[in-house]
Amino acid sequence: MGSSRIPELDGLRALAMTAVVAQHCGLAPFGWTGVWLFFVISGYVISRNFVQRRYQAGGWADQYRAFMLRRFFRIVPAYVLYIAVAALAVAAVGNRAPLGEVPFLLTFSYNWHMIFDFWSLHAGWAGFGHLWTLSIEEQFYLVYPLLFLLLSGNAHLATLCALVALGPLVRLVYATGLASASIDGAWVGFAVYASSFAQFDAFLLGALIAHCEDALRKRAWVAHCLAGAALLAAAAYVAWCVHLNRSGGATGLDLVRNIFSGVLFGGGREVFVYSAIDLLAAAAVVYAILQKPIFRPLTHPAIVLVGRVSYGGYLYHALVLWTVAGLVGPLSAAPVLLRLILFALVWAITVGLAYASFRWYETPIIRWSRTPRGEGADAVAFPRPQTAAGLVRMAADARASSHPRQLPPFEAPGQGVDCIRVPKPRTGASDDRDWDAHQACATDTAGECQTGVSWASFTHLDPHRRGHAGLRGPRPGADAAGDGHT
């Protein structure tokens with residue numbers, strides 16, 4: 001398992017974030033699937049850190065604490081900033097109803113609030129609607145590390161395989177139970193869509209890839225088998241849905257409705273659509289890890305840069321879109337050409353805000369959180385700021401070097417980190433236990449993006465997601481894949 005960052009994964013993040021923005025601009029009805037790509041990437045990245053033994057100091061409780069602290073400092077600062085700015089913006093226009101959702105947002109229980117409407121009225125404001133996916137991710141982060149830390153290697157791998165295989169059954173049982181209590185198919189479909197435990201198999205599939213990464217690198221043909229299986233599963237799902245539509249009297253374009261968008265409920269849609277998407281996302285991640293030639297365009301420095309700031313892009317795009325819609329009216333009613341123009345505008349503003357946030361707000365906080373506490377100054381990696389142009393030059397140099405498929409580890413987009421040689425501790429044998437990396441390189445990235453919708457609008461699936469990154473280990477080290485948050 002290599003130690004260098006994988007630029008292809010950042011390229012996938014950039015594509016996923018762009019798909020989400022395109023959907024919310026009324027251009028890509030299946031753009032929500034980018035969220036599940038982020039989920040798989042997140043599962044892969046955080047598991048890779050565990051597999052590489054980045055949390056070896058102390059017992060399982062100390063390692064769990066280290067993991068959660070890094071998740072906290074990577075995800076929460078930008079998240080809280082966005083909630084604060086969005087709350088002020090919506091209050092400024094006289095709409096205070098969405099402010100009642102802030103407690104659920106801050107406790108990462110917003111997905112359950114959207115499903116079960118804990119308060120008498122769910123405001124469903126677009127500026128907050130995409131944040132439920134962060135709730136799913138944080139709920140996964142609470143549970144998964146314990147699975148890794150408390151089980152042995154073989155037991156953990158077997159448990160992963162079992163849980164991934166059980167994913168469709170969990171959705172089936174859950175959807176059946178909900179359907180027995182409600183006749184609203186759109187609501188049941190959204191409940192499956194936004195429930196954390198119904199989507200954990202996406203993260204776990206990414207985790208399984210991390211466990212098998214060495215074997216995949218030695219047997220690259222497995223990637224083609226996985227891609228073939230994913231395409232067959234997706235084709236079988238599409239054929240089944242077309243059959244259901246035809247049986248219901250549909251003709252023409254109606255034959256392909258409610259397959260990857262629309263009302264994803266009935267006839268097993270709420271069970272198998274996510275499995276098909278998960279497998280396709282997993283195949284893409286494996287190809288990215290193996291750095292297949294088909295993914296070479298994703299390593300363009302500009303695309304990598306967008307992927308590095310995709311967490312902020314996911315957060316901020318909803319507020320940018322809300323502001324633009326307030327000026328020109330709902331984008332769903334605009335002509336296609338105008339939607340394309342507004343999409344380009346929203347995307348550009350979003351990426352600019354995400355870059356600025358990551359460089360001047362998130363990165364300083366991450367850097368502070370990773371300063372050693374009681375370990376002495378020798379363990380500190382001193383980042384040297386880089387401009388966006390500097391990042392592009394460094395990436396271009398890497399592409400032109402003898403290792404064109406690898407980028408140097410960065411702490412953040414535009415925040416390059418020079419690897420500083422750190423003397424190996426000589427205070428005792430115990431200090432050598434995991435200090436085999438003599439280079440201290442601080443790294444972090446925005447992981448996966450996300451997408452969100454209110455169940456009332458589920459008939460046209462209006463989602464959002466993000467992700468995110470950064471784990472605090474006992475010693476600073478370069479993050480090969482990019483600390484993902486999804």
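Within the bounds of the range 93-103, is there any residue that is part of a loop (DSSP other than H, G, I, E, B) and of a type in the set (D, E, K, R)? Checking the range 93-103: at least one residue is part of a loop (DSSP other than H, G, I, E, B) and of a type in the set (D, E, K, R). Taken residue by residue, the range 23-34 has at least one member that is touching a Ser or Thr at 6+ places or on another chain (Cβ under 9 Å), more than 23 Å from residue 201 (Cβ to Cβ) and assigned to a helix (DSSP H, G or I). The sole residue among 93, 170, 80 that is open to solvent by 60 Å² or more (accessible area, probe 1.4 Å) and modelled with pLDDT of 95 or more is 80.
Please determine whether any residue of the range 107-122 is of a type in the set (Val, Ile, Thr), more than 30 Å from residue 213 (Cβ to Cβ), within 24 Å of the chain's Cα centre (by Cα) and surrounded by 18 or more Cβ atoms within 10 Å (Cβ to Cβ). Within the range 107-122 (the criterion being of a type in the set (Val, Ile, Thr), more than 30 Å from residue 213 (Cβ to Cβ), within 24 Å of the chain's Cα centre (by Cα) and surrounded by 18 or more Cβ atoms within 10 Å (Cβ to Cβ)), the answer is yes, since at least one residue qualifies. Scanning the range 181-191 for residues that are of a type in the set (Val, Ile, Thr) and surrounded by fewer than 24 Cβ atoms within 10 Å (Cβ to Cβ) yields one hit, 183.
Looking for something free of Cβ contacts under 8 Å to residues at least 40 places away in the same chain and either in contact with an Asp or Glu (Cβ under 9 Å, 6 or more places away or on another chain) or farther than 24 Å from residue 198 by Cα (or both) - is there at least one such residue anywhere in the range 43-57? Within the range 43-57 (the criterion being free of Cβ contacts under 8 Å to residues at least 40 places away in the same chain and either in contact with an Asp or Glu (Cβ under 9 Å, 6 or more places away or on another chain) or farther than 24 Å from residue 198 by Cα (or both)), the answer is no, since none of the residues qualifies.
The condition of being part of a helix (DSSP H, G or I), closer than 15 Å to residue 28 by Cα, aromatic (Phe, Trp, Tyr) and open to solvent by less than 70 Å² (accessible area, probe 1.4 Å) holds for residue 343. Going through (1) open to solvent by 10 Å² or more (accessible area, probe 1.4 Å); (2) modelled with pLDDT of 95 or more one by one, residue 43 falls short only on (1).
Six or more apart or on different chains, Cβ atoms under 6 Å: show the pairs whose first residue is in the range 146-162 and closer than 18 Å to residue 60 by Cα and whose second is aromatic (Phe, Trp, Tyr) and outside any helix (DSSP H, G or I). No pair meets every condition. Reported count of residues in the range 1-22, each being open to solvent by 10 Å² or more (accessible area, probe 1.4 Å) and in a loop (DSSP other than H, G, I, E, B), is 4. Residues of the range 254-264 that are within 19 Å of residue 23 (Cβ to Cβ) and of a type outside the set (Val, Ile, Thr): 257, 258, 260, 261, 262, 264.
The test for being within 28 Å of residue 161 (Cβ to Cβ) and open to solvent by 10 Å² or more (accessible area, probe 1.4 Å) does not hold for residue 34.
The residues listed here are 186, 179, 175; of these, the one that is within 29 Å of residue 264 (Cβ to Cβ) and touching a Phe, Trp or Tyr at 6+ places or on another chain (Cβ under 7 Å) is 186. Take residue 311 and decide whether it is within 19 Å of residue 129 (Cβ to Cβ), at pLDDT 95 or above, in a helix (DSSP H, G or I) and out of contact with any helix residue (DSSP H, G or I) (no Cβ under 6 Å at 6 or more places or on another chain). Here the answer is yes, as residue 311 does meet what is asked.
Residues are listed down the side, and each one gets a yes or a no for (1) charged (D, E, K, R); (2) under 30 Å from residue 216 (Cβ atoms); (3) in a helix (DSSP H, G or I); (4) open to solvent by less than 20 Å² (accessible area, probe 1.4 Å):
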site	(1), (2), (3), (4)
254	yes, no, yes, no
265	no, no, no, no
275	no, yes, yes, no
279	no, yes, yes, no
282	no, yes, yes, yes
288	no, yes, yes, yes
296	yes, yes, yes, no
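The values are calculated or read from the model by the stated rules, or taken from the named source; none is laboratory data. Please read these numbers as outputs of a predicted model, since none were measured by experiment. Positions of Cβ are backbone-derived with ideal geometry, glycine not excepted, and every protein chain shown enters the neighbour counts. To get the accessible areas, we keep the full protein, side chains included, count just its heavy atoms, and leave off ligands, DNA and RNA. Shrake-Rupley method; radii C 1.70, N 1.55, O 1.52, S 1.80 Å.
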